[in-house]
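The values are calculated or read from the model by the stated rules, or taken from the named source; none is laboratory data. Remember, predicted model here, so these are calculated numbers, not experimental data. For neighbour counting, all protein chains shown are included, and Cβ atoms are generated from backbone atoms with ideal geometry for every residue, glycine included.
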Amino acid sequence: MADVKKIATRESYGNALVELGEKNKDVVVLDADLAAATKTGVFKKAFPDRHIDCGIAESNMVGIAAGLATCGKIPFVSSFAMFAAGRAFEQVRNSVGYPHLNVKIGATHAGISVGEDGASHQCNEDLALMRTIPGMVVMCPADDIEAKACVMAAAEHDGPVYMRFGRAACPVINDNPDYKFEIGKGTVVREGSDLTIVATGICVSAALEAAEMLEKDGVSAEVINICTIKPLDEELILASAKKTGKVVTAEEHSVIGGLGSAVCDTLSANYPVPVKKIGMQDMFGESGSAAALIEKYQLDGKGIYAQVKEFLA
Amino acid sequence: MNNLELKKLANQIRKGIVTGVHEAKAGHPGGSLGCADCVTYLYFEEMNIDPKNPKMDSRDRFVLSKGHNAPALYSAMAHRGYFPVEELKTLRKLGSHLQGHPCMQHVPGIDMSSGSLGQGISAAVGMALAGKLDNKDYRVYTLLGDGEIQEGQVWEASMFAGHRKLDNLCVIVDNNGLQIDGSVEDVCSPYPIGKKFEAFNFHVIEIDGHDFDALRKAFSEAKNTKGMPTCIILNTVKGKGVSFMENQASWHGTAPNDEQYAVAMADLEKIDEELAKEEA
């Protein structure tokens with residue numbers, strides 16, 4: 001997919017915020033000294049009065065956002081996933097989730113594709129953490145187009161939203177005129193009949209690559225893009241599982257508590273089928289280029305292909 | 001309202017606290033009784049609020065950052081007319097809107113849910129910031145415990161408030177000197193509190209938290225202080241008004257039994273009688 005346009009979803013986040021800021025003057029953006037990295041710098045430039053740098057204090061930033069939301073603002077809290085979902089978990093839970101305030105969390109640098117910074121900054125636990133908070137919408141877009149759609153949908157949604165963005169450029173796969181986004185709706189991005197690959201984030205394009213490779217082996221893989229981890233599009237996943245009888249999940253996140261767990265929750269309750277969870281296998285990442293890490297931890301097309309073959313053997 | 005009226009009201013609010021906690025067989029009477037005078041002053045003198053229009057855009061905001069003192073807040077709100085005083089007896093019971101810690105979704109008029117220490121002040125800072133962004137002239141008050149300020153988030157919020165010169169923000173620290181494990185000084189001393197807030201660019205006022213003249217003067221000074229937020233340090237007696245609860249850390253989070261409840265109410269009745277004499 002070398003000829004495909006690639007954009008990091010954190011860039012999409014910043015760009016979408018500018019567009020949103022023009023439309024809605026209640027939108028404010030908060031950062032914790034990472035505006036250059038979360039790509040909200042473009043919003044800061046366009047709307048300096050509505051950009052609030054809280055300094056390196058994520059817990060306080062989340063609380064400030066909660067207070068702003070009680071006064072009618074639509075705050076977008078920006079930081080790395082590690083700090084937004086990890087460090088400030090309890091603030092998100094108690095100051096945002098419990099009072100169901102209209103705070104949007106834009107968490108960038110999620111997963112191992114953070115790369116060289118290493119395991120301390122590679123958050124593979126955020127989806128699990130955020131998914132446990134009642135009323136929280138959890139989204140993990142697959143590309144630039146979906147990431148922008150997430151931001152727009154988050155602003156329209158009344159209540160807390162967690163959005164997960166990546167540092168590394170990833171292929172644009174939703175560039176078609178029919179593309180529509182709705183919170184809670186997944187998409188079949190490739191039809192198949194032998195197994196279902198449910199993927200999220202950067203693993204969606206990788207799953208499509210894996211499906212192409214499987215096709216050559218005579219295996220017909222259906223690929224579902226799940227952007228909204230919560231609420232999960234159970235109907236779509238169950239329909240596909242009923243058709244194929246086998247499910248693989250793929251995410252740049254721990255296999256504990258994220259997409260894989262969410263899919264297993266619904267399958268085990270409604271239509272149990274064998275499941276293989278692809279992701280970080282209960283381990284920390286390490287330093288390296290994003291591409292090298294994605295390859296090592298088998299989250300690229302080749303890695304997903306190999307793990308699916310193992311599952312089918 | 002004159003001081004005597006405020007004192008009488010504060011005593012009714014204390015009865016509500018003790019009654020609620022007794023009925024619940026759980027809760028935090030000590031701190032609630034200690035901050036009752038300040039909360040009374042805020043809800044009956046200081047704040048621009050309307051119980052009939054609890055979401056009024058221009059209202060002053062109050063965040064009880066020391067959320068475990070919910071009995072004080074609920075009692076003040078009930079006496080102010082937000083809900084019937086009788087409902088204080090449902091405190092902490094299944095199905096009651098009076099949750100163990102304040103919940104804004106359950107009680108109209110509560111500006112922020114709180115209870116996890118150190119978080120309320122950040123929300124109050126957010127409200128003050130929103131006021132500045134929108135050029136509105138409401139004020140924001142938040143009440144913290146002296147033990148609570150051991151939480152690092154308090155200082156993150158204070159640094160931001162001082163940096164942003166949020167002069168519409170008034171941080172109140174209830175300095176009763178006690179926390180669950182003993183005296184704050186022994187557990188992990190936050191003293192000197194005033195100098196810490198001064199270092200974060202606050203105007204600091206220290207007063208006797210049971211003196212309505214002092215409360216009146218301090219809140220007026222806070223309102224007139226421009227270019228920086230104000231911190232009012234209230235020196236209070238934990239358990240104030242109930243003889244056996246005064247200055248006892250053990251009454252931080254314990255409910256009185258029936259016998260103790262009778263003594264507590266008799267203590268408060270005595271205060272009523274003294275105030276009646278003062279009036280006559």
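Numbers at a glance
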| quantity | calculated |
| --- | --- |
| From the options B:Leu98, B:Leu166, B:Leu144, residue that is hydrophobic (A, V, I, L, M, F, W, C), within 14 Å of another protein chain (Cβ to nearest Cβ), in a loop (DSSP other than H, G, I, E, B) and in contact (Cβ under 8 Å) with a residue 40 or more places away in the chain | B:Leu166 |
| Breaking point among (1) away from every other protein chain (no Cβ under 14 Å); (2) touching a strand residue (DSSP E or B) at 6+ places or on another chain (Cβ under 7 Å); (3) of a type in the set (D, E, K, R), for B:Arg92 | (2) |
| Residue in the range A:119-137 that is on the phi < 0 side of the Ramachandran plot, of a type in the set (Lys, Arg) and in a strand (DSSP E or B) present | no |
| Residue under evaluation A:Ala153, criteria (1) in contact with a Cys (Cβ under 9 Å, 6 or more places away or on another chain); (2) farther than 22 Å from A:Ala250 by Cα, criterion not met | (1) |
| Test set (1) more than 14 Å from every other protein chain (Cβ to nearest Cβ); (2) of a type outside the set (S, T, N, Q); (3) part of a helix (DSSP H, G or I); (4) more than 20 Å from the chain's Cα centre (by Cα) - A:Glu11 fails condition number | (4) |
| Lone unmet requirement of (1) away from chain A (no Cβ under 14 Å); (2) in contact with an Asp or Glu (Cβ under 8 Å, 6 or more places away or on another chain); (3) of a type in the set (Ser, Thr, Tyr) for B:Ser183 | (2) |
| Residue within the range A:19-31 that is buried (at least 22 other Cβ atoms within 10 Å of the Cβ) and facing chain B (nearest Cβ under 10 Å) present | yes |
| Any chance B:Leu117 is in contact (Cβ under 8 Å) with a residue 24 or more places away in the chain, within 27 Å of B:Lys25 (Cβ to Cβ) and not in a loop (DSSP other than H, G, I, E, B) | no |
| In the range A:210-237, the residues that are in a helix (DSSP H, G or I) and either buried (at least 17 other Cβ atoms within 10 Å of the Cβ) or in contact with a His (Cβ under 8 Å, 6 or more places away or on another chain) (or both) | A:Ala210, A:Ala211, A:Met213, A:Leu214, A:Glu234, A:Leu236, A:Ile237 |
| Leading residue by the ranking (nearest to the chain's Cα centre (by Cα)) among those in the range A:265-313 that are of a type in the set (Ser, Thr, Tyr) and either crowded, with 20+ Cβ neighbours inside 10 Å or not in a helix (DSSP H, G or I) (or both) | A:Tyr297 |
| Residue match in the range B:188-200 (condition: buried (at least 16 other Cβ atoms within 10 Å of the Cβ), within 28 Å of B:Ile49 (Cβ to Cβ) and out of contact with any helix residue (DSSP H, G or I) (no Cβ under 6 Å at 6 or more places or on another chain)) | yes |
| Residue within the range B:213-236 that is crowded, with 21+ Cβ neighbours inside 10 Å, under 27 Å from B:His22 (Cβ atoms) and touching a Lys or Arg at 6+ places or on another chain (Cβ under 6 Å) present | no |
| Residues of the range A:32-64 that turn out to be under 18 Å from B:Arg164 (Cβ atoms), buried (at least 24 other Cβ atoms within 10 Å of the Cβ) and touching a Ser or Thr at 6+ places or on another chain (Cβ under 8 Å), as a count | 8 |
| Check on B:Val18, part of a helix (DSSP H, G or I), farther than 30 Å from B:Lys223 by Cα and out of contact with any Cys (no Cβ under 7 Å at 6 or more places or on another chain) | yes |
| A:Glu58, sole failed condition from (1) more than 7 Å from chain B (Cβ to nearest Cβ); (2) of a type outside the set (Phe, Trp, Tyr); (3) touching a strand residue (DSSP E or B) at 6+ places or on another chain (Cβ under 9 Å); (4) free of Cβ contacts under 8 Å to residues at least 24 places away in the same chain | (4) |
| Filter result for the condition that a residue is surrounded by fewer than 20 Cβ atoms within 10 Å (Cβ to Cβ) and small (Gly, Ala, Ser), over B:Gly100, B:Gly145 | B:Gly100 |
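Per-residue answers, yes or no, for (1) modelled with pLDDT of 95 or more; (2) assigned to a helix (DSSP H, G or I); (3) away from chain A (no Cβ under 14 Å):
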{"residue": "B:Met112", "(1), (2), (3)": "yes, no, no"}
{"residue": "B:Ala124", "(1), (2), (3)": "yes, yes, no"}
{"residue": "B:Met127", "(1), (2), (3)": "yes, yes, no"}
{"residue": "B:Lys136", "(1), (2), (3)": "yes, no, no"}
{"residue": "B:Gln153", "(1), (2), (3)": "yes, yes, no"}
{"residue": "B:Met159", "(1), (2), (3)": "yes, yes, no"}
{"residue": "B:Tyr191", "(1), (2), (3)": "yes, no, yes"}
{"residue": "B:Lys195", "(1), (2), (3)": "yes, yes, yes"}
{"residue": "B:Gly227", "(1), (2), (3)": "yes, no, yes"}
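The rows are residues; the columns are (1) more than 10 Å from chain B (Cβ to nearest Cβ); (2) under 26 Å from B:Leu133 (Cα atoms); (3) not aromatic (Phe, Trp, Tyr).
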site	(1), (2), (3)
A:Val62	no, yes, yes
A:Phe76	yes, yes, no
A:Gly86	yes, no, yes
A:Phe89	yes, no, no
A:Ser120	yes, no, yes
A:Glu125	yes, no, yes
A:Arg131	yes, no, yes
